[in-house]
Amino acid sequence: MARHHVSATVNGDGVEFLCETGQTLLEALRDELRLTGTKEGCGTGDCGACSVMVDGRLVCSCLMLAVEAEGKSIQTIEGMAVGETLHPLQRKFIEHAALQCGICTPGILIAARSLLARNPNPTESEVRYWLAGNLCRCTGYHKIVEAVLDAAREMRGG
Amino acid sequence: MRYEAPKTLEQAIALLSGANGQARVLAGGTDLLIQMRSGRAEPELLVDIKAIPEMRSIVAETGGYRVGAAVTCMELIENEAFAQAWPGIVDGVRLIGSIQVKGRATMGGNLCNASPAADSVPALIAAGAVVCIAGAQGRREALIEEFVAGPGKTTLASGELVVSFLLPLRAPHSGDAYLRFTPRTEMDIAVVGAAVNLTLDDTGVCSRARVSLGAVAERALLVPEAAAALIGTRVDEAALKRLAAAASAACRPIDDKRGTKDFRIKVAGVMAQRAAEIATERARRPS
Amino acid sequence: MSTMLKYQERELKIVGTRPLRPDGVDKVTGRARFGADYNLPGQLIGKVLRSPHAHARIKSIDTSAAQALPGVKAVVTRDDFAEMPDEYAAVGELMINFRDVTRNMMAREKVLYDGHPLAAVAAVSEAVAREALALIKVEYEVLPHVIDVVEAMQPGAPLLHENQYTAGVKPKPDRPSNVAKRLEYARGDLAAGFNEADLIVEREFNTKPVHQGYIEPQACLASCSEDGQAELWTSTQGHFIVRAQCAKVLQMDVSKIRVTPTEIGGGFGGKNNIYSEALAIALSRKSHRPVKMVMTREEVFRATGPTSGANVKVRIGCTRDGKITAAEAELNFQAGAFPGSSVNQASMCAFTRYDLANVRVVGNDVTVNRPKVAAYRAPGAPIAVFGVESVIDEMAKKLGIDPIEFRLKNAAREGTQTYYGPKLGPIGYIQTLEQARAHPHYSAPLGPNQGRGIATGFWFNIGNETTCSLNLQEDGTLTLMLGTIDVAGGSRASMAMMVAEELGIEFESVRPFVGDTSTLGFNFLTAGSRGTFASGMACVIASRQVIEKLRQRVAKIREVPLEAVAWKDGHARPAGGNVAQFAPMSLAEIAKMAGKTGGTIAGHAEINAQGAGPGFGTHIVDVEVDKQTGSVKILRYTVVQDVGKAIHPAYVEGQLQGGAVQGIGWALNEEYVYGDDGVLQNPGFLDYRVPVASDLPFIDTVIVEVPNPNHPYGVRGCGEVPIIPPLAAIANAIENAIGLRLCQLPFSPPRVLKAIDDAAAAKG
Amino acid sequence: MARIALASNLAPYTDGVLELELEVANVRQLFQALGERFPELRAHLEAGLAVAIDGEIYQDALLQPIAHDSEVILITKIAGG
């Protein structure tokens, strides 16, 4: 069975790769494109560690086939900082000690950015529900929620 | 395993019909990919239906709505007019997994996966929604409550696929709601789900009602006895109590890792009652 | 031993502040490399065939078809690993029975649990490896199995190990048993103590196994060369322990295995032991190619961790005015397929918050057809303390005494004799109770169906073997190589802070990292809340060594006596008095000259840190119970804990919050669910329910600092204690909300609702 | 002579003896003396025991001195998560 040739945009750059039908977008990102910042925690969409944006939608890259990425625009954690400037969420996560082991962090940052893009002023509860699909076992979420709220405040210019 | 992404329904049907039952429809993939990963599904052909415009649109039709089977949950949630008309369906759709999962998952997939615990199905049943099916023999329609045959089984014939859902025109003073019980606030499969859709007359008396329960039988149930408890009442405490009793009585659940039989029976009544309260409050809202 | 440093109170510039962790930017940009992020050219993918049965004799394993499959480069089974004697052998400081290690890694005579490895293959792709697994034919003779700990203890229960006779029982039993070991701690006269009691409360509790639930599945990459040298990258809490275990089971020289620890995506005790590492090296040795092995989440649940489920009986007596006169507990712990649960530590932690004259604790370590248990944060303590703190609360309530007051009346303090051995040194238990009582949370009003609970916890904290190397670079910055893995808590930051504090320089001037096993001497794993204590001690020793060398060097350069040179604020300065005056030298100036004045300057520490200071905590929780569904909601949560000294308070808060939330998960919804067939039914995050963000409120923290006299900054350690109190605190809160004492974990809605219904039915 | 106490969980390996006096100068000598007197304790001594000498706990400290008037308690070693 011939492999599929896929052309897509990843973090603004055009990319091409070959994949099997059964290969997930997560596998393509990690194994074909060597973008290992996106993590696999479960492979079944239950932990959110593999969160990426596809055409502006937050998705689990373990639940999407790589072949479906044809023509799509994908954003991963590797594209979040601009040059040497961290995204405010990235900075606030470090400042608030919102990460410990860091395995869930890329997925949570991608998810949090998508929240703030549609809701610049979320409540604590809105942050918690939006991030419910991202498991973190180290922090108890306290500092993550604080960091997201603080980043939102800063991004609103407050 | 082959992958095709046809641009028309006809092409999709041709692909499915020619695959000897070895094809699977790929919409959001949030159930199918997990089945493939675990080896429970080993299709020879995947037919990705997301390139078919009809499957991706939400349109007003005969005063109601037609929702394409491949419309994602997030697209449906974000459609304010739809959410206004059918808040109970959106209640159900909101509970299908995380934001990430809802970015891909579809109502069509939720129905065709045929889980007794599917969150959008009880609300669709309560709404009296009709599912539009297409196959080599043409199109047909079916009631949601008759679509699922049992756990993992639908009444789709080989080569058929779900195209869209038709939600009927809403009478004034109508409201619907779906509630489920899960141990966690999010990221769980319903242990019990209950949907209530009702219409009040000008005096506030319930004139029509449909009640549906999920995860309490081999498939989501339409429970006319529970609806009857509401019809002709002002959805007062006594009526709600009768509703709860009727809902519990209709359950024929199993014990499993997610909940016990007794628990499901009891909580089905509680969820039905609470859903009815929300639906009534929505119906009373000036539209 | 004499190198141990004592606590000195002094003014601090860096310790106690909140600088940014050095691994932070890598972790927010996706640059940090975890176990599965390492790859080598030509690498194969290794996969494991696992038992579908809970208990079966292996009649035969036929791998010929798998080996013949194109793309398969190596297959290993039990035949590829040497038999190990049934005796405990030292691995660093751990004593491990390698007979069991080899059998857990790869089944030999029998499979003992669903998920037990039987064979491993290395192939050119994951798809080929999976296909090969399907071609391996195993003939089983399925045996009756036993899952429940109480059933496993009965005579006539299916036996996992036919030659296992209960240790610790006199005379030696004449029949084998699933009870691997019985232990007993006793002090005083229990019967007399109960005779003095005006009130005796006795309860039986049951808990389910829970998994550490780290988000990163185990992952490793091994490369074995033709001359028998092996390199291994793995996600672990103890790379020296991994090396030691692999060397032993593969019969290799320790120095020929080089283990590089990757960033670790959570461990909590679950990554203390080897699972795939030795298999990966064996496959690489056989295939002459690098082999990468990454577990699936399902494999993680079926075959790693969890902690014990247990049956616990507690009986406590006290006088009318709330003085405990006698306390007794029986702890029956599931060990999983091989002996070695944490029942001993649980026994020691059960009552060690109270000053008790008459105590008895009996513990049983019981083998059952489940995965071999692993450590999980304060191993065993939460299970025992769940029972004890529930009973304590019930007694306080029956006597009408405030629960904190009751605990204060009996609280352990400096000088309290423990029932497991030593007297306690200076501790902060009473302070945590008093600060909890004074916290606004403790007196805030509650609504209907809401209740407040408190509970307390104790953990020893530990020290052990520790190494580090501090190198002054030519520009005056320093690199700090650590033997202790930073398991996530931010210890790299804390270590660099202590070094910077000692040297009087900026935090940013010290670049910490974790060395591989070939760069430093043996270092114990990161466990037992030892990291900041032991590694911190080593860093301070190394720093002071560097300061000493700097002073000596400056004395030579400036041609003054050594006593004339003082080290202050990152400079060698005249010591004052009239010894000798000289122009001060900065660290950078000395560093620049170092090569030409005798060579580069470095400090080392190779210690076995002694004198860990115990930690105590008091938790307050408010819950609301939905009486119609049995759902328990956590409304508010406060953790008060004595940590000795918080080197980096934000990272200490993170430990307290994370530990408390793991305890909340344990209390509410986490459990292993097995079917009648002994097969795990919920090996995934969908049905193994760890808390999600929307389940929780903010977790308030109060850090108490009663210095540990045996650490230069007073550090005790903080990671273990916070998981201990939540189980009982929540049980006590539920009791206060709905008047029902729940003794079965987890307090999942079906269980809570059943308790409510049963109580209503009993009332009629 | 140093006063030696054994934690009560060790009773099965010492015929119930939990207190004794020994003339030993360090932990290694202590373990040796105890091993000679109680053969069944040997497997536990270096494997899993720590000592508290005058209230300070030492794990794996064979060379730690023991004074004539020291109080020594043998206890189980602690690991952790």
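Every number in this text was worked out from the coordinates using simple rules, so none of it is lab data. The model shown is predicted, which means the values in this text are computed figures rather than measured ones. Please note: Cβ atoms are built from the backbone with ideal geometry, for glycine as well, and neighbour counts cover all protein chains shown.
Rounded, prolate or oblate: pick one for segment D:2-76, where a ≥ b ≥ c are the square roots of the eigenvalues of its C-alpha gyration tensor, a/c under 1.5 means rounded, and failing that, prolate if a/b is larger than b/c, else oblate.
It is rounded, given that a/c, with a ≥ b ≥ c, falls under 1.5.
Arrange the peptides C:737-749, C:335-347 so that the one whose residues have, on average, the most other Cβ atoms within 10 Å appears first.
Final packing ranking: C:335-347, C:737-749.
Once amide H atoms are placed 1.01 Å from N in the peptide plane, what residues at a sequence separation of 5 or more from B:A105, or on another chain, have their amide H within under 5 Å of its amide H?
It is B:C73, by chain and number.
Over all distinct Cα pairs, what is the inverse of the mean 1/r for segment B:1-151, reported as the Kirkwood hydrodynamic radius in Å?
15.9 Å
I'd like the Karplus ³J(HN,Hα) series for segment B:27-38: coefficients 6.51, -1.76, 1.60, θ = phi - 60°, whole numbers in Hz, and an x wherever there's a Gly or Pro.
Along segment B:27-38, the couplings run 10, x, x, 6, 9, 4, 5, 5, 5, 5, 4, 8 Hz.
Quick one: what Rg and Dmax do you get for segment C:402-551 from the alpha carbons, in Å?
For segment C:402-551, the Cα radius of gyration and maximum Cα-Cα distance read 21.1, 68 Å.
Using per-residue counts of other Cβ atoms within 10 Å, averaged over each peptide, order B:185-191, A:137-143 from highest down.
The most tightly packed comes first, giving A:137-143, B:185-191.
Please compute the modelled spin-label separation between C:L399 and A:S73, points set 7 Å along Cα→Cβ, answer in nm with one decimal.
Between A:S73 and C:L399, the label points sit 6.9 nm apart.
For chain C, what value does the Rg/Rh ratio take when both radii are computed over Cα atoms and Rh is the Kirkwood radius, given to two decimals?
0.99
Using 0.36 nm per residue of separation minus the Cα-Cα distance, give me the extension gain between D:L63 and D:M1 in nm, one decimal.
Extra length from D:L63 to D:M1 when fully extended: 20.5 nm.
Can you give the average number of partner chain beta-carbon atoms within 10 Å of each beta-carbon in peptide D:50-56, as a whole number?
What the average comes to for D:50-56 is 4.
Looking at C:T260, B:I96, C:F524, which one has the Cα that reaches farthest to the positive end of the dipole of the protein assembly as shown (charges on Cβ: Lys, Arg +1; Asp, Glu -1)?
B:I96
Can you give me the long-range amide H partners of C:A32? Hydrogens built in the peptide plane at 1.01 Å from N, cutoff under 5 Å, separation of 5 or more residues or another chain.
C:K27
With bins 10 Å wide starting at 0, give me the P(r) of segment A:4-78 over every alpha carbon pair, in whole percents.
Whole-percent P(r) values from 0 Å outward: 23, 61, 16.
Using alpha carbons only, how many angstrom separate the centre of segment B:256-287 from the centre of segment C:624-658?
32 Å
Report, as an integer, the average count of C-beta atoms from other chains found within 10 Å of each Cβ along B:91-101.
Average neighbour count from other chains, rounded to a whole number: 6.
Which three extents, in angstrom, do the Cα atoms of the protein assembly as shown have along their principal axes, listed largest first?
99, 75, 70
Quick one: compute the contact order of segment C:263-382, relative version, from alpha carbon pairs under 8 angstrom and 6+ residues apart, as a percent.
30 percent
Can you list, largest first and rounded to whole Å, the semi-axes you get for segment C:463-609 by taking the square root of 5 times each eigenvalue of its Cα gyration tensor?
30, 14, 13
Using the crude model of +1 on Lys and Arg Cβ and -1 on Asp and Glu Cβ, and no other charge, please compute the dipole size for the protein assembly as shown relative to its Cα centre, in debye to 20.
Here the size comes out at about 740 debye.
What lysines does B:K241 reach when the alpha-carbon gap must be under 17 Å and sequence neighbours fewer than 8 apart in one chain are set aside?
List returned: B:K266, C:K627.
Using θ = phi - 60° and the Karplus form 6.51 cos²θ - 1.76 cosθ + 1.60, what ³J(HN,Hα) does each residue of segment C:115-127 get, whole Hz, x for Gly and Pro?
So the Karplus estimates, Gly and Pro as x, are x, 5, x, 10, 6, 9, 10, 10, 9, 5, 8, 5, 4 Hz.
Please list, in order along segment B:59-75, the HN-Hα scalar couplings obtained from phi with the Karplus expression 6.51 cos²θ - 1.76 cosθ + 1.60 (θ = phi - 60°), rounded to whole Hz, x for Gly and Pro.
10, 6, 8, 6, x, x, 10, 10, 10, x, 5, 9, 5, 6, 4, 5, 4
Return the Cα extents of segment A:88-155 along principal axes one, two and three, sorted largest first, each rounded to a whole Å.
The Cα atoms of segment A:88-155 stretch 27, 23, 17 Å along the principal axes, largest first.
Highest first, please rank the peptides C:150-160, C:541-551 by the mean number of other Cβ atoms sitting within 10 Å of their residues.
C:541-551, C:150-160
For chain C, what relative contact order do you get, as a whole percent, if you take Cα pairs closer than 8 Å and at least 6 residues apart?
16 percent
Whole angstrom only: what separates the Cα centroid of segment A:46-65 from the Cα centroid of segment C:737-756?
Centre-to-centre distance over Cα atoms comes out at 37 Å.
Search the structure for amide H atoms under 5 Å from the amide H of C:L635, placed 1.01 Å from N in the peptide plane, and list their residues when 5 or more places away or on another chain.
C:D622, C:V623, C:E624
Calculate the mean, over all residues of peptide A:55-67, of how many other protein chain Cβ atoms lie within 10 angstrom of the residue's Cβ.
Partner-chain Cβ atoms within 10 Å, mean over residues of A:55-67: 6.
Evaluate the relative contact order of segment C:634-704 (contact order divided by residue number), counting alpha-carbon pairs under 8 angstrom at least 6 apart; express in whole percent.
57 percent
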